[in-house]
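What follows is one structure encoded as structure tokens, with my remarks underneath.
The values are calculated or read from the model by the stated rules, or taken from the named source; none is laboratory data. Treat the numbers as computed from the prediction; the structure is a model and nothing was measured. With ideal geometry, Cβ positions are generated from the backbone for all residues, glycine too; neighbour counts draw on all protein chains shown.
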Amino acid sequence: METQRHKEKNVKLIAALLCTTLILISPHAFSRDTKHMLSIKEAMQSPDFKERLDPDIRFYFGQQKHPKIHKSFGEFSSNKKTNAFNKSDEEACRWVLLSALLSLQDRVKKEGGNAVINIASYYKKNKVSSNTKYECHAGAVIAGVALTGKVVKLAR
């Protein structure tokens, strides 16, 4: 009887140690944070983008030329994450870029504008402006894109 209790205590102790070890190790197994600089043009040509983005709202990245500003509504940011499980980093990044642009699109409509200009990546408040690339960070299970840009009404 006494040995049975010892065995049960030992099993519980081993189980507790294993659980503790897994909890301590797990964050390291899932902490991948790979930075990607990906093509804006390739993403924007994706069928999902063409179907979901309003063609009456324009997006200008970096210092891309745009028509004259008629009215400015301010600078706004969008920080989106998506499930990256069972997706390539590029696929997850494209999906989360679309989500960030849809968020900015909603802001344009709310403010009464027709464009977002000077769009820059804004990951962890680190601003990276590019006419051709956006920054995405991909991990084992989550990918993220943060953008900032100026919502405006452009002359037609």
(message) Can you tell me which condition Val141 does not meet? The list is (1) over 30 Å from Lys87 (Cα atoms); (2) out of contact with any strand residue (DSSP E or B) (no Cβ under 6 Å at 6 or more places or on another chain); (3) not hydroxyl-bearing (Ser, Thr, Tyr), and all the others hold.
(response) (1)
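Regarding the range 105-121, can at least one residue be identified that is among the aliphatic types (A, V, I, L, M), closer than 23 Å to Thr34 by Cα and modelled with pLDDT of 95 or more? Break it down stepwise before answering.
First, the residues of the range 105-121 that are among the aliphatic types (A, V, I, L, M): 108, 115-117, 119-120.
Then drop every residue that is not closer than 23 Å to Thr34 by Cα, which leaves 119-120.
From what's left, modelled with pLDDT of 95 or more: 119-120.
Yes, the range 105-121 contains at least one residue that is among the aliphatic types (A, V, I, L, M), closer than 23 Å to Thr34 by Cα and modelled with pLDDT of 95 or more.
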